[in-house]
1. Whenever you get a sec, compute what percent of the accessible area on the protein assembly as shown sits on carbon and sulfur atoms (1.4 Å probe).
2. Does region A:236-336 come out rounded, prolate or oblate by the C-alpha gyration tensor, with a ≥ b ≥ c the root eigenvalues, rounded set by a/c under 1.5 and, if not, prolate when a/b is larger than b/c and oblate if not?
3. Note down the Stokes-Einstein diffusion coefficient of the protein assembly as shown in µm²/s, whole number, using a Kirkwood radius over alpha carbon pairs, 4 °C, and 1.567 mPa s.
4. Estimate the FRET efficiency between B:E16 and B:T76 by the formula 1/(1 + (r/R0)^6), using the beta-carbon distance for r and 25 Å for R0, to the nearest 0.05.
5. On the full set of protein chains, 1.4 Å probe, figure out the accessible area of A:I217 and give it in Å² to the nearest 10.
6. Starting from the Cα gyration tensor of region B:83-197, take the square roots of the eigenvalues, sort them a ≥ b ≥ c, and report rounded, prolate or oblate (rounded when a/c is under 1.5, otherwise prolate if a/b is larger than b/c, else oblate).
7. Report, in whole Å, the centroid distance computed from the Cα atoms of region B:77-132 and region A:9-34.
8. Return the sequence-ordered ³J(HN,Hα) values of region B:110-123 in whole Hz as given by the Karplus equation 6.51 cos²θ - 1.76 cosθ + 1.60 applied to θ = phi - 60°, using x for Gly and Pro.
2 protein chains.
Amino acid sequence: MTATIHRLADRPPSLEPMIELVAGDMNMVNAAILDRMQSQIPLIPELAGHLIAGGGKRMRPMLTLASARLLGYMGTRHHRLAAAVEFIHTATLLHDDVVDGSDLRRGKRTANLIWGNPASVLVGDFLFSRSFELMVEDGSLKVLKILSNASAVIAEGEVNQLTAARRIDLGEDRYLEIINAKTAALFAAACRIAAVVAERPEEEEVALDAYGRNLGIAFQLVDDAIDYVSDAGTMGKDAGDDFREGKVTLPVILAYARGSATDRTFWKDAVEGRRDGDEDFAHAISLVRATRAVDDTLARARHYGQRAIDAIGPFASGKAKDAMVEAVEFAVARAY
Amino acid sequence: MTATIHRLADRPPSLEPMIELVAGDMNMVNAAILDRMQSQIPLIPELAGHLIAGGGKRMRPMLTLASARLLGYMGTRHHRLAAAVEFIHTATLLHDDVVDGSDLRRGKRTANLIWGNPASVLVGDFLFSRSFELMVEDGSLKVLKILSNASAVIAEGEVNQLTAARRIDLGEDRYLEIINAKTAALFAAACRIAAVVAERPEEEEVALDAYGRNLGIAFQLVDDAIDYVSDAGTMGKDAGDDFREGKVTLPVILAYARGSATDRTFWKDAVEGRRDGDEDFAHAISLVRATRAVDDTLARARHYGQRAIDAIGPFASGKAKDAMVEAVEFAVARAY
């Protein structure tokens, strides 16, 4: 399949139109986030604030807000729910960094590095509980069902990823299963709940779910590709981080599948932690280039991006839809 | 205050009457637990099963079931909710053991020791999400509110405890605040939701909440006292565990408050990790004896136990009430 995404404007695709679209709503979401991460225990807002104020794009709550705009929703319920979505995401990041033993996130020192693993685990639990309190306050069992299910799927995906760690024979299907669970599920839920709040018919819920899910996959694929694009300073992430941690992402899976016996031995050694030096990474870059593994990871991303755009095809044209389409284009174009 | 708890029977108080009272219901709860801890990812039921099948008393779900009996509730909704309560508890234990770096729980090797911290963190998250899915399936927003609030309070209490770790100047009030949050809140919620499911008036909810909360505090106080009773093999916990980990529990707080300047220096050194040998523990035992710190911790426990019993005073007499009263008597008598 040849995915074609048309840009009509005379500028590169950007997230700006979506950011502008939801700017007013986002102020309300940020207020809810700040309000609800408070606690009598000073360490909680301190640690949570480090990550929440720490330059994240608020991609998931932004999707809730943009989806609500697309549907012409005029209420305020989605502000609190978008905050709940961001809390789930933040809790996941805190636990992820503990699991991976990471020391940098978005170019800053991670919470676990500063406050230790125990604090990160427990503040993550707190934010996760708070997210459910926010949903309960909203009172929609349908929203609660969507987000509690997404949370379970995310946790399941994280365990799946953990058991698949450093296995060079992972394969594209299981890799997709993992990113579907750990990334795309929350993107999908974030969009879907807007349709529930706006009391739209099931098919619009499903369409927004598909938009979010496919965007989430595209987003993750591009993230994984960027790690093998040598001049990337994008996203607060350094090129080679995944490689040095032995992560089996799609560029690796494709380069491994397409490589010679010698190349395969190299990749196996790399993901099992026996090759993680600068010269090893340089060799890895040369292998992903030779096998077109990054190009094709990005082609896969464009495929899912196109599906995201088509999923919202039936909705009325306008600023919201334009912004949502351009957000996808931006997501898949980041690596160029 | 002199707490007096009367035993009419000619045998020591036991948990058996409560276990028998709810045996049939507990089979349904166990079936729900087993069913809902399943996953496509084998590590999840394996790790969760280690702890869930590992000889816990199922104290919290048992309280939901007994409370429902007390109210004459004849439905089945509480089975699923009792499973949700046990999942919250299990998730907390998994994360606790990571936070404390524990290697033994209930006399068995901990999950984090066998499968590592990352797996314990993530499977905890999974069980926590599953507990919310179970509640959402039940569909009561009131139950969801009670349990999501309890979860947030537990997490907050755990962070509070973490920031208070190894501080000899903790004081009884802050200690009570911590055990109220990390232990008593879930006991209270477990009892309270029975009244919601049985559609009883607010005052019965409040009464069951008070029963659970006071029982929870009594339970924790006795646990903390047992650590300083030298021949304790009770509860799969060894005497001296808390001491060696530098935990500031009520026996320590009382012995410190009542001790000489020399004793205080000893306790400060002990909780700060500079005295954790066998001879140090023997000296600690002699100090808690001399200051009656264990006796008075148990007297405090009896005080809360009596409040638990009085909280359910207004309910009709019968097997359920007798079993719930005896469970309290058992809880406070364990250390003798």
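The values are calculated or read from the model by the stated rules, or taken from the named source; none is laboratory data. Keep in mind that this is a model prediction, so the values were computed, not measured. Virtual Cβ from ideal backbone geometry, glycine too; neighbours counted across all protein chains shown. Note: areas computed on protein heavy atoms with side chains; ligands, DNA, RNA excluded. Shrake-Rupley method; radii C 1.70, N 1.55, O 1.52, S 1.80 Å.
1. C and S fraction of accessible area: 50 percent.
2. Prolate is the answer for region A:236-336, as a/c is 1.5 or above and a/b outweighs b/c.
3. 48
4. 0.55
5. 10
6. Because a/c hits 1.5 or more and a/b fails to exceed b/c, region B:83-197 counts as oblate.
7. If we compute the Cα centre of each part, the gap is 38 Å.
8. 6, 4, 5, 5, 7, 9, x, 4, x, 4, 5, 4, 6, 5
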